[in-house]
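Contents: one structure, followed by commentary.
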Amino acid sequence: MKRFALVTALLLVALGAQTVVAAVAPTIYDIQNGVYAAGDTLTVTGTVVAVRYNGIWVAEAPFGAYNGIWVYMGSTTNVPGDIVDVTGVYSEYYGLTELAAITDGVVTTGTGPVPAPTVLDAATLTADPEPWESCAVTISDGMHVTETSDVLGHGYWTCQMTNGTVVNFDDYFYDDTTVLLGQCYNNATGIWEYTWSAFRMEPYVDGYPLVDCVVDDQEVSFGDVKSLFR
C-alpha cells in the first residue's frame, strides 16, 4: 500500500511539473502572416463580405489589414453577412492565400452586418498591397480609365488616379464592357485581390460611381488666346 501511495505521489508530481499549453484557434490574420504551413487543415470564423459563384471572401474582426481571405468552395449558397465557421486546406494558389473548404466545411452559424470596407488612397494601397489581399476596401481617389479590356483582355482595365497612381481592375463583379476609355469615377469599392500575378481591384456593381469629367467647350476670343502668350 505504501509503495502504491509512493508511486501515485511521484506520478502526480511528474504530471504537475508538465506545462500545459492551451490550443490557440487559427485566425485569418495568422494564416495571412505565414504562421501555418501549406497543406494544413484549419478552421477559422468570420463574416462573409462578398460572394462569387465558386466561393466566398471572409473577414474577421477588426476587419483591417490581414483580416480577409478567399475561401474556395466550388459552389455556394452563402450571402454577404453570413457568419461562418470555415474548415479548409490552406494553400498559396498561384500566389493567392486560399482556404479550399473540405466537404461540408462551411457552416453558417448566424447573420450580421456586412463589415464596412477600409478606406485607403491608391498610393497607400499599391505601395504595400499584400496586407489588404482579399479584403474589402474603398479606393478614395478620383480616377479615369487609361486602358480597357478591349486592349488588355481577360476583363481587365486600368485607371490612373488624380495623383498619378495606376491601379489594375478586374471584372469579378463589374461589367468591364461598360468601362470606356477616358471615363471618370469618384472612387471604387470592392475586393482587393491577387490574380494572375498582380494585385487588382474587383469593384462591386454598385461600388464604382461614374462621374462626368468632360470639360464643356467654351467660347474664347482671339484676345484671350493672345493674352496667354504675353
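The values are calculated or read from the model by the stated rules, or taken from the named source; none is laboratory data. Please read these numbers as outputs of a predicted model, since none were measured by experiment. Note that each Cβ is placed from the backbone with ideal geometry, even for glycine, and that neighbours are counted across all protein chains shown.
So which residues in segment 148-160 are farther than 17 Å from Glu202 by Cβ and part of a strand (DSSP E or B)? The one that is farther than 17 Å from Glu202 by Cβ and part of a strand (DSSP E or B): Gln160.
Of the candidates Ser197, Ser134, the single residue that is modelled with pLDDT under 95 and small (Gly, Ala, Ser) is Ser197. If a residue has to be over 15 Å from the mean Cα position of the chain (by Cα) and touching a residue at least 24 places away in the same chain (Cβ under 8 Å) to count, how many in segment 176-195 make the cut? Looking only at that region, the number is 11. Quick one: in segment 80-119, which of the residues that are under 16 Å from the mean Cα position of the chain (by Cα) and in a loop (DSSP other than H, G, I, E, B) is nearest to Tyr194 (Cα to Cα)? Of everything passing the filter in segment 80-119, Gly95 is nearest to Tyr194 (Cα to Cα).
The condition (being closer than 17 Å to Gly190 by Cα, surrounded by 19 or more Cβ atoms within 10 Å (Cβ to Cβ) and of a type in the set (Ser, Thr, Tyr)) is satisfied by just one residue among Thr47, Thr124, Thr97: Thr47.
Give me the residue from segment 61-79 that is assigned to a loop (DSSP other than H, G, I, E, B) and surrounded by 20 or more Cβ atoms within 10 Å (Cβ to Cβ) and, out of that set, farthest from the chain's Cα centre (by Cα).
Per the stated criteria, the residue is Met73.
With respect to the conditions (1) modelled with pLDDT under 95; (2) part of a strand (DSSP E or B), Ile56 lacks only one, and its number is (1). Answer yes if at least one residue in segment 141-157 is without any contact (Cβ under 8 Å) to a residue 60 or more places away in the chain, more than 29 Å from Ile31 (Cα to Cα) and aromatic (Phe, Trp, Tyr), and no otherwise. Yes, because at least one residue in segment 141-157 is without any contact (Cβ under 8 Å) to a residue 60 or more places away in the chain, more than 29 Å from Ile31 (Cα to Cα) and aromatic (Phe, Trp, Tyr). Among the residues making up segment 127-153, those that are over 16 Å from Gly190 (Cβ atoms) and within 20 Å of the chain's Cα centre (by Cα) are Ala127, Asp128, Glu130, Pro131. Applying the criterion of being part of a loop (DSSP other than H, G, I, E, B) and touching a helix residue (DSSP H, G or I) at 6+ places or on another chain (Cβ under 8 Å) to the residues of segment 171-218, the residue that is surrounded by the fewest Cβ atoms within 10 Å (Cβ to Cβ) is Asp171.
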